[in-house]
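Can you read through this structure? Questions will come right after.
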Amino acid sequence: MTPRYRPVKGTRDFFPPETERWAAAEAVCREIFRARGFGEIRTPILEHTELFARSVGETTDIVHKEMYTFPDRRGRSLTLRPENTAGVVRAVIEKGIATGPMPLRLYYFGPQFRYERPQAGRYREFRQIGAELFGVAGPAAEAELLEMLFAFLKSLGFVNLSVSVNSVGTAATRAAFSEALRRHLEPAAAEFSEEDQRRLTENPLRLFESKDPAVASRLADAPKTRDFLDEDSRRHHSEVRRLLADAGIPCEEDPALVRGLDYYTRTVFEVVSKDLGAQDAILGGGRYDNLVESLGGPPLPAIGFAIGEDRLLQVAPFLLPARGLVLVLPQGPEQLQDALLLAGEVRRAAPGSSVEVDLLARGFKKGLSRAGLLYEEAAARGYDRDRMFAVLLGADEKAAGAVTWKNLATGDQETFPRSELPRRFGAGRET
Ligand code: AMP
(Lines give C-alpha, C1' and ligand atoms only; values in the text may rest on other atoms or scores of the structure.)
Protein backbone atom coordinates (compact mmCIF):
# COMPACT_ATOMS: atom_id res chain seq x y z
CA MET A 1 0.00 0.00 0.00
CA THR A 2 1.51 3.35 -0.95
CA PRO A 3 1.02 5.76 1.93
CA ARG A 4 -1.20 8.69 1.11
CA TYR A 5 0.57 11.08 3.43
CA ARG A 6 4.30 11.43 3.82
CA PRO A 7 6.10 13.17 6.67
CA VAL A 8 7.42 16.64 5.89
CA LYS A 9 10.92 16.43 4.38
CA GLY A 10 13.61 16.48 7.04
CA THR A 11 11.24 15.41 9.85
CA ARG A 12 11.11 11.96 11.41
CA ASP A 13 8.84 9.64 13.35
CA PHE A 14 10.17 7.68 16.29
CA PHE A 15 8.95 4.32 17.54
CA PRO A 16 9.86 1.99 20.38
CA PRO A 17 12.45 0.90 21.33
CA GLU A 18 14.14 4.04 19.95
CA THR A 19 11.77 6.31 21.86
CA GLU A 20 12.68 4.38 25.00
CA ARG A 21 16.37 4.96 24.36
CA TRP A 22 15.68 8.68 24.01
CA ALA A 23 13.64 8.72 27.21
CA ALA A 24 16.40 6.87 29.08
CA ALA A 25 19.07 9.32 27.91
CA GLU A 26 16.84 12.23 28.87
CA ALA A 27 16.18 10.78 32.32
CA VAL A 28 19.93 10.45 32.96
CA CYS A 29 20.41 13.98 31.70
CA ARG A 30 17.75 15.47 33.95
CA GLU A 31 19.30 13.75 36.96
CA ILE A 32 22.78 15.05 36.19
CA PHE A 33 21.57 18.60 35.50
CA ARG A 34 19.33 18.67 38.59
CA ALA A 35 22.19 17.46 40.75
CA ARG A 36 23.98 20.72 39.85
CA GLY A 37 21.01 22.95 40.58
CA PHE A 38 19.74 23.36 37.01
CA GLY A 39 15.96 23.55 36.65
CA GLU A 40 13.93 22.95 33.52
CA ILE A 41 12.46 25.78 31.46
CA ARG A 42 9.99 25.25 28.60
CA THR A 43 9.47 28.04 26.13
CA PRO A 44 7.15 28.27 23.11
CA ILE A 45 8.18 26.70 19.82
CA LEU A 46 6.84 29.82 18.11
CA GLU A 47 8.39 33.25 18.62
CA HIS A 48 8.31 36.64 16.91
CA THR A 49 10.76 36.57 14.01
CA GLU A 50 12.49 39.69 15.22
CA LEU A 51 13.77 37.91 18.33
CA PHE A 52 15.98 35.64 16.23
CA ALA A 53 17.06 38.38 13.85
CA ARG A 54 18.26 40.40 16.88
CA SER A 55 19.96 37.56 18.75
CA VAL A 56 21.17 34.90 16.34
CA GLY A 57 22.07 37.65 13.87
CA GLU A 58 20.68 38.97 10.57
CA THR A 59 23.62 37.80 8.51
CA THR A 60 23.87 34.26 9.88
CA ASP A 61 22.87 31.34 7.68
CA ILE A 62 20.17 30.48 10.18
CA VAL A 63 18.36 33.81 9.96
CA HIS A 64 19.23 34.44 6.34
CA LYS A 65 17.93 31.24 4.82
CA GLU A 66 17.10 28.52 7.31
CA MET A 67 14.18 29.78 9.35
CA TYR A 68 10.60 28.61 9.04
CA THR A 69 9.07 32.07 8.97
CA PHE A 70 5.47 32.86 8.09
CA PRO A 71 2.86 35.53 8.71
CA ASP A 72 0.08 34.60 11.13
CA ARG A 73 -3.54 35.40 10.32
CA ARG A 74 -3.03 39.02 11.29
CA GLY A 75 0.12 39.37 9.24
CA ARG A 76 2.60 39.26 12.16
CA SER A 77 5.84 37.53 11.28
CA LEU A 78 6.36 34.40 13.37
CA THR A 79 9.16 31.84 13.30
CA LEU A 80 9.50 28.25 14.46
CA ARG A 81 12.46 28.49 16.79
CA PRO A 82 15.76 27.51 15.13
CA GLU A 83 17.47 27.38 18.54
CA ASN A 84 16.36 27.86 22.13
CA THR A 85 18.71 30.35 23.75
CA ALA A 86 16.90 33.41 22.37
CA GLY A 87 13.57 32.14 23.74
CA VAL A 88 15.09 31.38 27.14
CA VAL A 89 16.62 34.86 27.35
CA ARG A 90 13.35 36.48 26.28
CA ALA A 91 11.46 34.51 28.94
CA VAL A 92 13.96 35.27 31.68
CA ILE A 93 13.78 39.01 30.95
CA GLU A 94 10.00 39.00 30.67
CA LYS A 95 9.49 37.16 33.97
CA GLY A 96 11.76 39.63 35.73
CA ILE A 97 14.12 36.89 36.93
CA ALA A 98 17.03 38.41 35.02
CA THR A 99 17.14 40.96 37.85
CA GLY A 100 16.60 38.30 40.56
CA PRO A 101 19.08 36.21 42.57
CA MET A 102 22.05 34.91 40.62
CA PRO A 103 23.41 32.59 39.41
CA LEU A 104 20.41 31.33 37.51
CA ARG A 105 20.70 27.81 36.13
CA LEU A 106 18.25 26.55 33.52
CA TYR A 107 18.05 23.68 31.07
CA TYR A 108 15.68 22.78 28.25
CA PHE A 109 14.79 19.91 25.92
CA GLY A 110 12.92 20.42 22.70
CA PRO A 111 12.48 20.46 18.95
CA GLN A 112 14.14 23.14 16.82
CA PHE A 113 13.55 23.88 13.13
CA ARG A 114 15.97 24.83 10.39
CA TYR A 115 15.39 24.66 6.68
CA GLU A 116 18.65 22.84 5.90
CA ARG A 117 19.43 20.31 3.22
CA PRO A 118 18.54 17.01 4.89
CA GLN A 119 21.44 14.56 5.06
CA ALA A 120 22.92 12.12 7.59
CA GLY A 121 22.67 13.74 11.02
CA ARG A 122 21.05 16.89 9.65
CA TYR A 123 17.31 17.34 9.82
CA ARG A 124 14.78 20.13 9.44
CA GLU A 125 13.16 19.24 12.72
CA PHE A 126 15.81 18.21 15.21
CA ARG A 127 15.99 18.21 18.96
CA GLN A 128 18.34 19.96 21.31
CA ILE A 129 19.17 19.61 24.97
CA GLY A 130 20.64 22.79 26.30
CA ALA A 131 21.67 24.54 29.48
CA GLU A 132 22.10 28.23 30.25
CA LEU A 133 23.94 29.69 33.23
CA PHE A 134 23.28 33.37 33.95
CA GLY A 135 25.04 35.86 36.20
CA VAL A 136 28.61 34.56 36.29
CA ALA A 137 31.26 36.51 34.40
CA GLY A 138 34.22 34.49 35.71
CA PRO A 139 35.68 31.27 34.25
CA ALA A 140 34.08 29.15 37.01
CA ALA A 141 30.94 29.26 34.84
CA GLU A 142 32.76 27.58 31.95
CA ALA A 143 34.20 25.02 34.38
CA GLU A 144 30.82 24.14 35.88
CA LEU A 145 29.04 23.90 32.56
CA LEU A 146 31.67 21.75 30.88
CA GLU A 147 32.01 19.48 33.90
CA MET A 148 28.24 18.92 33.75
CA LEU A 149 28.36 18.28 30.04
CA PHE A 150 31.13 15.72 30.35
CA ALA A 151 29.39 13.99 33.27
CA PHE A 152 26.41 13.53 30.95
CA LEU A 153 28.47 12.39 27.95
CA LYS A 154 30.33 9.92 30.17
CA SER A 155 27.09 8.49 31.49
CA LEU A 156 26.10 7.74 27.88
CA GLY A 157 29.23 5.66 27.48
CA PHE A 158 31.45 8.12 25.59
CA VAL A 159 35.12 7.75 26.43
CA ASN A 160 37.21 9.53 23.83
CA LEU A 161 35.53 12.85 23.34
CA SER A 162 37.35 16.10 23.76
CA VAL A 163 36.09 19.64 23.64
CA SER A 164 37.51 22.20 21.20
CA VAL A 165 37.73 25.67 22.72
CA ASN A 166 38.53 29.12 21.48
CA SER A 167 38.00 32.68 22.58
CA VAL A 168 36.29 35.15 20.25
CA GLY A 169 36.88 38.02 22.69
CA THR A 170 34.64 41.04 22.95
CA ALA A 171 32.60 42.97 20.39
CA ALA A 172 35.73 45.02 19.69
CA THR A 173 37.70 41.83 19.00
CA ARG A 174 35.00 40.70 16.63
CA ALA A 175 35.04 43.99 14.73
CA ALA A 176 38.83 44.09 14.40
CA PHE A 177 39.02 40.41 13.50
CA SER A 178 36.25 40.78 10.89
CA GLU A 179 38.07 43.66 9.28
CA ALA A 180 41.37 41.78 9.19
CA LEU A 181 39.65 38.74 7.70
CA ARG A 182 38.05 40.88 5.03
CA ARG A 183 41.40 42.40 4.09
CA HIS A 184 42.99 38.97 3.98
CA LEU A 185 40.27 37.41 1.83
CA GLU A 186 39.35 40.25 -0.49
CA PRO A 187 42.13 39.61 -3.03
CA ALA A 188 40.75 36.09 -3.54
CA ALA A 189 37.08 37.11 -3.62
CA ALA A 190 36.76 36.58 -7.37
CA GLU A 191 37.18 32.80 -6.86
CA PHE A 192 34.37 32.66 -4.32
CA SER A 193 30.75 31.75 -4.95
CA GLU A 194 28.14 34.46 -4.96
CA GLU A 195 27.03 33.42 -1.50
CA ASP A 196 30.55 33.56 -0.08
CA GLN A 197 31.04 36.98 -1.66
CA ARG A 198 27.92 38.11 0.13
CA ARG A 199 29.32 36.72 3.38
CA LEU A 200 32.58 38.55 2.78
CA THR A 201 30.75 41.86 2.40
CA GLU A 202 28.16 41.42 5.12
CA ASN A 203 30.01 39.47 7.79
CA PRO A 204 33.32 37.77 6.93
CA LEU A 205 33.09 35.58 10.07
CA ARG A 206 30.33 33.66 8.33
CA LEU A 207 32.88 32.37 5.82
CA PHE A 208 33.90 29.79 8.41
CA GLU A 209 30.58 28.10 7.54
CA SER A 210 31.47 27.88 3.85
CA LYS A 211 31.94 24.38 2.43
CA ASP A 212 34.09 25.65 -0.46
CA PRO A 213 37.68 24.28 -0.33
CA ALA A 214 38.97 27.51 -1.94
CA VAL A 215 37.59 29.46 1.01
CA ALA A 216 38.88 26.90 3.51
CA SER A 217 42.41 27.10 2.13
CA ARG A 218 42.34 30.91 2.27
CA LEU A 219 41.13 30.73 5.85
CA ALA A 220 43.93 28.38 6.86
CA ASP A 221 46.52 31.16 6.87
CA ALA A 222 44.12 33.93 7.79
CA PRO A 223 44.51 35.97 10.98
CA LYS A 224 43.18 34.26 14.12
CA THR A 225 40.79 35.63 16.73
CA ARG A 226 43.44 35.24 19.41
CA ASP A 227 45.60 37.88 17.67
CA PHE A 228 42.88 40.40 18.51
CA LEU A 229 42.05 39.48 22.09
CA ASP A 230 42.09 42.15 24.75
CA GLU A 231 44.05 41.53 27.93
CA ASP A 232 41.00 40.54 30.03
CA SER A 233 39.74 38.05 27.46
CA ARG A 234 43.22 36.57 27.21
CA ARG A 235 43.41 36.13 30.98
CA HIS A 236 39.87 34.75 31.10
CA HIS A 237 40.74 32.19 28.45
CA SER A 238 43.88 30.96 30.15
CA GLU A 239 41.97 30.58 33.43
CA VAL A 240 39.29 28.59 31.62
CA ARG A 241 42.00 26.29 30.26
CA ARG A 242 43.51 25.86 33.72
CA LEU A 243 40.15 25.07 35.36
CA LEU A 244 39.30 22.54 32.67
CA ALA A 245 42.66 20.85 33.08
CA ASP A 246 42.11 20.70 36.87
CA ALA A 247 38.70 19.12 36.30
CA GLY A 248 40.24 16.51 34.00
CA ILE A 249 38.19 17.65 30.99
CA PRO A 250 40.03 16.82 27.77
CA CYS A 251 40.23 19.93 25.64
CA GLU A 252 42.01 21.20 22.57
CA GLU A 253 42.61 24.75 21.45
CA ASP A 254 41.02 25.44 18.06
CA PRO A 255 41.92 28.94 16.87
CA ALA A 256 39.61 28.58 13.85
CA LEU A 257 36.52 27.85 15.92
CA VAL A 258 34.12 30.71 15.29
CA ARG A 259 30.59 29.60 15.96
CA GLY A 260 27.68 30.25 13.61
CA LEU A 261 25.64 32.47 15.90
CA ASP A 262 26.37 36.15 16.36
CA TYR A 263 25.87 36.48 20.08
CA TYR A 264 29.00 34.76 21.38
CA THR A 265 31.66 36.57 23.41
CA ARG A 266 34.92 35.13 24.76
CA THR A 267 34.63 31.37 25.22
CA VAL A 268 33.20 29.24 22.42
CA PHE A 269 33.36 25.45 22.36
CA GLU A 270 32.27 22.46 20.37
CA VAL A 271 32.40 18.68 20.69
CA VAL A 272 32.78 16.74 17.46
CA SER A 273 32.43 12.97 17.17
CA LYS A 274 34.49 11.22 14.51
CA ASP A 275 31.60 8.79 14.07
CA LEU A 276 29.48 11.55 12.58
CA GLY A 277 31.69 12.22 9.58
CA ALA A 278 33.56 15.27 8.45
CA GLN A 279 32.13 18.30 10.15
CA ASP A 280 29.35 17.24 12.35
CA ALA A 281 29.37 18.49 15.89
CA ILE A 282 27.40 16.81 18.65
CA LEU A 283 27.12 20.06 20.54
CA GLY A 284 28.21 23.63 20.62
CA GLY A 285 28.13 26.45 23.06
CA GLY A 286 29.69 29.55 24.40
CA ARG A 287 29.50 32.66 26.45
CA TYR A 288 27.09 35.43 25.47
CA ASP A 289 27.74 38.27 27.89
CA ASN A 290 25.90 40.95 25.89
CA LEU A 291 22.80 39.13 24.70
CA VAL A 292 20.53 39.70 27.71
CA GLU A 293 21.14 43.42 27.60
CA SER A 294 20.78 43.64 23.84
CA LEU A 295 17.37 41.96 24.09
CA GLY A 296 16.21 44.61 26.57
CA GLY A 297 17.28 43.08 29.89
CA PRO A 298 19.86 44.18 32.44
CA PRO A 299 23.59 43.72 31.75
CA LEU A 300 23.98 40.03 32.63
CA PRO A 301 26.80 37.68 31.69
CA ALA A 302 25.71 34.24 30.54
CA ILE A 303 26.97 31.03 29.00
CA GLY A 304 25.27 28.00 27.55
CA PHE A 305 25.44 25.00 25.28
CA ALA A 306 23.11 23.08 22.99
CA ILE A 307 23.51 19.38 22.33
CA GLY A 308 22.09 18.03 19.07
CA GLU A 309 20.08 15.18 20.55
CA ASP A 310 19.51 13.39 17.22
CA ARG A 311 23.23 13.19 16.55
CA LEU A 312 24.02 12.43 20.17
CA LEU A 313 21.79 9.36 20.19
CA GLN A 314 23.08 8.26 16.83
CA VAL A 315 26.60 7.88 18.18
CA ALA A 316 26.16 7.37 21.94
CA PRO A 317 27.52 3.94 22.90
CA PHE A 318 25.03 3.31 25.73
CA LEU A 319 22.49 0.54 25.31
CA LEU A 320 19.06 0.41 26.78
CA PRO A 321 18.85 -2.16 29.58
CA ALA A 322 16.77 -5.01 28.19
CA ARG A 323 13.34 -5.60 29.76
CA GLY A 324 11.47 -8.72 30.67
CA LEU A 325 8.26 -9.51 28.80
CA VAL A 326 5.33 -11.53 30.12
CA LEU A 327 2.42 -12.32 27.83
CA VAL A 328 -0.74 -13.24 29.71
CA LEU A 329 -2.82 -15.47 27.45
CA PRO A 330 -6.49 -16.15 28.22
CA GLN A 331 -7.67 -19.37 26.61
CA GLY A 332 -10.78 -17.61 25.28
CA PRO A 333 -13.06 -14.63 25.86
CA GLU A 334 -14.41 -16.24 29.09
CA GLN A 335 -10.98 -15.93 30.72
CA LEU A 336 -10.29 -12.39 29.52
CA GLN A 337 -11.63 -10.56 32.55
CA ASP A 338 -9.64 -12.72 34.94
CA ALA A 339 -6.57 -12.39 32.71
CA LEU A 340 -6.68 -8.61 33.25
CA LEU A 341 -6.59 -9.19 37.03
CA LEU A 342 -3.86 -11.79 36.65
CA ALA A 343 -1.76 -9.28 34.68
CA GLY A 344 -1.86 -6.98 37.71
CA GLU A 345 -0.58 -9.80 39.92
CA VAL A 346 2.20 -10.55 37.45
CA ARG A 347 3.21 -6.87 37.29
CA ARG A 348 3.61 -6.84 41.06
CA ALA A 349 5.57 -10.12 40.93
CA ALA A 350 7.83 -9.06 38.04
CA PRO A 351 8.53 -5.34 38.43
CA GLY A 352 10.46 -3.88 35.51
CA SER A 353 8.95 -6.30 33.00
CA SER A 354 6.33 -5.40 30.42
CA VAL A 355 3.20 -7.44 31.08
CA GLU A 356 0.74 -7.63 28.18
CA VAL A 357 -2.62 -9.34 28.03
CA ASP A 358 -3.79 -10.86 24.75
CA LEU A 359 -6.85 -8.61 24.58
CA LEU A 360 -8.07 -10.39 21.47
CA ALA A 361 -8.26 -13.67 23.48
CA ARG A 362 -7.32 -15.65 20.40
CA GLY A 363 -6.43 -18.80 22.31
CA PHE A 364 -3.15 -20.39 23.35
CA LYS A 365 -1.99 -21.46 19.92
CA LYS A 366 -2.11 -18.01 18.34
CA GLY A 367 -0.92 -16.37 21.55
CA LEU A 368 2.12 -18.62 21.76
CA SER A 369 2.91 -18.16 18.14
CA ARG A 370 3.04 -14.38 18.68
CA ALA A 371 5.17 -15.01 21.76
CA GLY A 372 7.57 -16.99 19.56
CA LEU A 373 7.81 -14.12 17.10
CA LEU A 374 8.53 -11.61 19.84
CA TYR A 375 11.19 -13.95 21.22
CA GLU A 376 12.86 -14.09 17.80
CA GLU A 377 12.88 -10.29 17.62
CA ALA A 378 13.87 -9.80 21.26
CA ALA A 379 17.12 -7.99 20.52
CA ALA A 380 15.55 -5.47 18.15
CA ARG A 381 12.63 -4.91 20.48
CA GLY A 382 14.73 -4.47 23.59
CA TYR A 383 13.63 -7.61 25.48
CA ASP A 384 15.81 -9.74 27.71
CA ARG A 385 15.44 -13.32 26.44
CA ASP A 386 16.07 -14.77 29.90
CA ARG A 387 13.03 -12.96 31.22
CA MET A 388 10.45 -13.76 28.57
CA PHE A 389 7.43 -15.80 29.60
CA ALA A 390 3.92 -16.64 28.54
CA VAL A 391 1.40 -17.13 31.36
CA LEU A 392 -1.55 -19.27 30.28
CA LEU A 393 -4.95 -19.00 31.89
CA GLY A 394 -7.45 -21.66 30.79
CA ALA A 395 -10.62 -23.13 32.22
CA ASP A 396 -8.58 -25.86 34.01
CA GLU A 397 -6.19 -23.38 35.56
CA LYS A 398 -9.08 -21.20 36.67
CA ALA A 399 -10.84 -24.13 38.35
CA ALA A 400 -7.65 -25.15 40.16
CA GLY A 401 -6.58 -21.61 41.18
CA ALA A 402 -3.46 -22.23 39.14
CA VAL A 403 -1.60 -20.79 36.15
CA THR A 404 0.70 -22.36 33.59
CA TRP A 405 3.83 -20.55 32.56
CA LYS A 406 6.08 -21.18 29.66
CA ASN A 407 9.66 -20.03 29.68
CA LEU A 408 10.16 -18.78 26.12
CA ALA A 409 13.92 -19.30 26.24
CA THR A 410 13.87 -22.95 27.30
CA GLY A 411 10.36 -23.93 26.20
CA ASP A 412 9.80 -25.40 29.70
CA GLN A 413 6.20 -25.33 30.77
CA GLU A 414 4.85 -25.79 34.31
CA THR A 415 1.54 -25.42 36.13
CA PHE A 416 1.59 -24.09 39.69
CA PRO A 417 -0.71 -22.31 42.17
CA ARG A 418 -1.37 -18.70 41.30
CA SER A 419 -0.22 -17.65 44.77
CA GLU A 420 3.30 -18.76 43.82
CA LEU A 421 3.70 -16.09 41.14
CA PRO A 422 5.85 -13.74 43.25
CA ARG A 423 8.25 -16.53 44.22
CA ARG A 424 8.43 -17.90 40.67
CA PHE A 425 9.16 -14.54 39.09
CA GLY A 426 11.58 -13.70 41.88
CA ALA A 427 13.47 -16.88 41.02
CA GLY A 428 13.12 -16.11 37.31
CA ARG A 429 14.92 -12.81 37.82
CA GLU A 430 17.90 -14.49 39.41
CA THR A 431 18.63 -16.77 36.46
P1 AMP B 1 23.89 25.32 17.08
O2 AMP B 1 22.56 25.67 17.70
O3 AMP B 1 23.97 25.64 15.61
O4 AMP B 1 25.04 25.81 17.89
O5 AMP B 1 23.96 23.74 17.10
C6 AMP B 1 24.15 22.99 18.26
C7 AMP B 1 24.05 21.53 17.91
O8 AMP B 1 22.74 21.24 17.42
C9 AMP B 1 24.97 21.10 16.78
O10 AMP B 1 26.23 20.77 17.28
C11 AMP B 1 24.26 19.88 16.25
O12 AMP B 1 24.58 18.73 17.01
C13 AMP B 1 22.81 20.20 16.45
N14 AMP B 1 22.19 20.64 15.19
C15 AMP B 1 22.22 21.85 14.60
N16 AMP B 1 21.55 21.85 13.46
C17 AMP B 1 21.08 20.60 13.27
C18 AMP B 1 20.30 19.93 12.27
N19 AMP B 1 19.84 20.58 11.21
N20 AMP B 1 20.02 18.62 12.43
C21 AMP B 1 20.47 17.95 13.51
N22 AMP B 1 21.19 18.51 14.49
C23 AMP B 1 21.50 19.81 14.38
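Scan around residue 165 for amide H atoms under 5 Å from its own, H built in the peptide plane at 1.01 Å from N, and keep only partners 5 or more places away or cross-chain.
252, 253, 254
Largest first, please: the extent of the C-alpha atoms of region 1-152 along each principal axis, to the nearest Å.
55, 42, 25
Further question: From Cα pairs below 8 angstrom and at least 6 apart in sequence, can you work out the relative contact order of region 180-297, rounded to a whole percent?
Details: 95 pairs, mean separation 20.4, N = 118.
Reported relative contact order: 17 percent.
Can you pull the percent of Cα pairs in region 273-313 with separation above 12 Å? Mind dumping the intermediate values first?
Values: 527 of 820 pairs.
Distances greater than 12 Å cover 64 percent of the Cα pairs.
Out of all DSSP beta bridges with both ends in the chain, state the antiparallel percent to the nearest 5. Walk me through the numbers on the way to the answer.
Values: 50 of 67 bridges.
Given both bridge residues lie in the chain, the antiparallel proportion sits at roughly 75 percent.
While we're here: For the chain, compute Rh as the Kirkwood radius over C-alpha pairs and then the Stokes-Einstein diffusion coefficient at 4 °C and 1.567 mPa s; write the answer in µm²/s, rounded to an integer.
Values: Rh = 25.2 Å.
Once the numbers are plugged in, D ends up at 51 µm²/s.
For region 282-349, with only Lys/Arg (+1) and Asp/Glu (-1) charged at the beta-carbon, what is the dipole magnitude about the Cα centre, in debye rounded to 20? Provide the component values of the computation, followed by the final result.
Details: 5 positive and 7 negative charges, 41 e Å.
For this selection, approximately 200 debye.
Let me ask something additional. Given an 8 Å cut-off on Cα distances and at least 6 residues of separation, report the relative contact order of region 299-431 as a percent. Write down the numbers at each step before the final one.
Working: 189 pairs, mean separation 34.6, N = 133.
Taking the mean separation of contacting Cα pairs over the length of region 299-431, I get 26 percent.
How many angstrom lie between the Cα centre of region 215-270 and the Cα centre of region 52-117?
25 Å
A further question on this structure: May I ask you to compute the full-extension gain from residue 234 to residue 171, defined as 0.36 nm times their residue separation minus their alpha-carbon distance, rounded to one decimal in nm? Please report the intermediate quantities before stating the final value.
Working: separation 63, 0.36 × 63 = 22.68 nm, distance 1.41 nm.
Extending this stretch completely gives an extra 21.3 nm.
Quote the charge dipole size of region 120-180 about the Cα centre in Debye, to the nearest 20; the model charges only the Cβ of Lys and Arg (+1) and of Asp and Glu (-1).
On the way: 5 positive and 6 negative charges, 62 e Å.
Charge dipole of region 120-180: 300 debye, to the nearest 20.
Rg over Rh of region 213-307, using C-alpha atoms and the Kirkwood radius, what does it come to?
A ratio of 0.98.
Stick to the Cα atoms of region 62-120, pair each with every other, and give me the Kirkwood hydrodynamic radius in Å at one decimal. Mind showing how you got there, number by number?
On the way: mean 1/r = 0.0725 Å⁻¹.
Taking every pair of different Cα atoms in region 62-120, averaging 1/r and inverting gives 13.8 Å.
Now a separate question. Helix 421-430 versus the longest principal axis of the chain: what is the Cα-based angle in degrees, 0 to 90, to the nearest 10?
50 degrees
Could you calculate the FRET efficiency of residue 396 with residue 20 from 1/(1 + (r/R0)^6), where r is the beta carbon distance between them and R0 is 41 Å, rounded to 0.05? Walk me through the numbers on the way to the answer.
Values: r = 37 Å, r/R0 = 0.90.
Working from the Cβ atoms, E equals 0.65.
Can you tell me which lysines have their Cα less than 21 Å from the Cα of residue 65? Leave out same-chain residues fewer than eight positions away.
Cross-link targets: 9, 211.
With +1 on the Cβ of every Lys and Arg and -1 on the Cβ of every Asp and Glu, and nothing else charged, how large is the dipole of region 139-262 about its Cα centre, in debye rounded to the nearest 20? Mind dumping the intermediate values first?
Values: 16 positive and 23 negative charges, 16 e Å.
Computed charge dipole of region 139-262: roughly 80 debye.
Using only Cα atoms, tell me the angle between helix 231-246 and the longest principal axis of the chain; keep it within 0 to 90° and round to the nearest 10.
Value to nearest ten degrees: 30.
Roughly what % antiparallel, to the nearest 5, for the DSSP beta bridges in region 282-362? Working shown, then result.
On the way: 5 of 10 bridges.
Bridges in region 282-362 that DSSP calls antiparallel: roughly 50 percent.
Accessible area per residue, 1.4 Å probe, Å², for the chain: what's the number? All intermediate terms of the calculation are to be shown ahead of the outcome.
Values: 21110 Å² over 431 residues.
That works out to 49 Å² for each residue.
Given q = 0.09 Å⁻¹, what are the Debye log10 I(q)/I(0) values for region 283-431, with equal point scatterers placed on the Cα positions and solvent ignored?
-0.43
Here is a further query. Could you tell me the relative contact order of the chain? Use alpha-carbon pairs under 8 Å, at least six residues apart, and round to a whole percent. Before the final figure, lay out the partial values.
On the way: 731 pairs, mean separation 63.4, N = 431.
It comes to 15 percent, rounded to a whole number.
Starting from the Kirkwood radius over alpha-carbon pairs of region 94-148, derive D by Stokes-Einstein at 4 °C in a medium of 1.567 mPa s and give it in µm² s⁻¹.
94 µm²/s
Could you work out which residue, out of 154, 365, 274, moves most in a Gaussian network model of the chain, that is, has the largest mean-square fluctuation with Cα springs under 10 Å?
Per the Cα network of the chain with a 10 Å cutoff, 365 tops the list.
Which order do the peptides 15-22, 381-388 take when ranked by the mean count of other beta-carbon atoms within 10 Å per residue, highest first? All intermediate terms of the calculation are to be shown ahead of the outcome.
Details: 15-22: 13.9, 381-388: 18.8.
Highest to lowest by the protection proxy: 381-388, 15-22.
Past the 19 angstrom mark, what percentage of all C-alpha to C-alpha distances in region 1-68 do you count? Provide the component values of the computation, followed by the final result.
Details: 1483 of 2278 pairs.
Of the Cα pairs, 65 percent sit more than 19 Å apart.
Using the Cα atoms of region 305-371 to build a convex hull, what is its mean projected area in square nanometres? Walk me through the numbers on the way to the answer.
Working: hull surface 28.2 nm².
Its average projected convex-hull area is 7.0 nm².
Using only the Cα atoms of region 154-239, what semi-axes does the equivalent ellipsoid have when each is the square root of 5 times a gyration tensor eigenvalue? Give whole Å, largest first. All intermediate terms of the calculation are to be shown ahead of the outcome.
Details: eigenvalues 149, 80, 20 Å².
After diagonalising the Cα gyration tensor, the semi-axes are 27, 20, 10 Å.
Show me 143-149, 262-268, 185-191, 416-422 ranked by packing, highest mean number of other Cβ atoms within 10 Å first. Before the final figure, lay out the partial values.
Values: 143-149: 21.3, 262-268: 24.1, 185-191: 12.4, 416-422: 14.7.
Packing order, densest peptide first, comes out as 262-268, 143-149, 416-422, 185-191.
Could I ask something else about it? Take every Cα-Cα pair in region 28-67 and report what % of them are more than 12 Å apart.
Details: 528 of 780 pairs.
Counting every Cα pair in region 28-67, those more than 12 Å apart make up 68 percent.
Follow-up. Suppose only helical runs count, i.e. DSSP H with n ≥ 4. What mean residue ellipticity at 222 nm does that imply for the chain under -39500 (n - 2.57) per run, divided by all residues and rounded to the nearest 500 deg cm²/dmol?
Values: 15 runs with 156 residues, N = 431.
It comes out at -11000 deg cm²/dmol, rounded to the nearest 500.
The values are calculated or read from the model by the stated rules, or taken from the named source; none is laboratory data. Predicted, not measured: the structure shown is a model, and the values here were computed from it. Backbone-built Cβ (ideal geometry, glycine too); neighbour counts: all protein chains shown. In case anyone asks, the SASA skips ligands and DNA or RNA and just uses the protein heavy atoms, side chains included. Shrake-Rupley method; radii C 1.70, N 1.55, O 1.52, S 1.80 Å.
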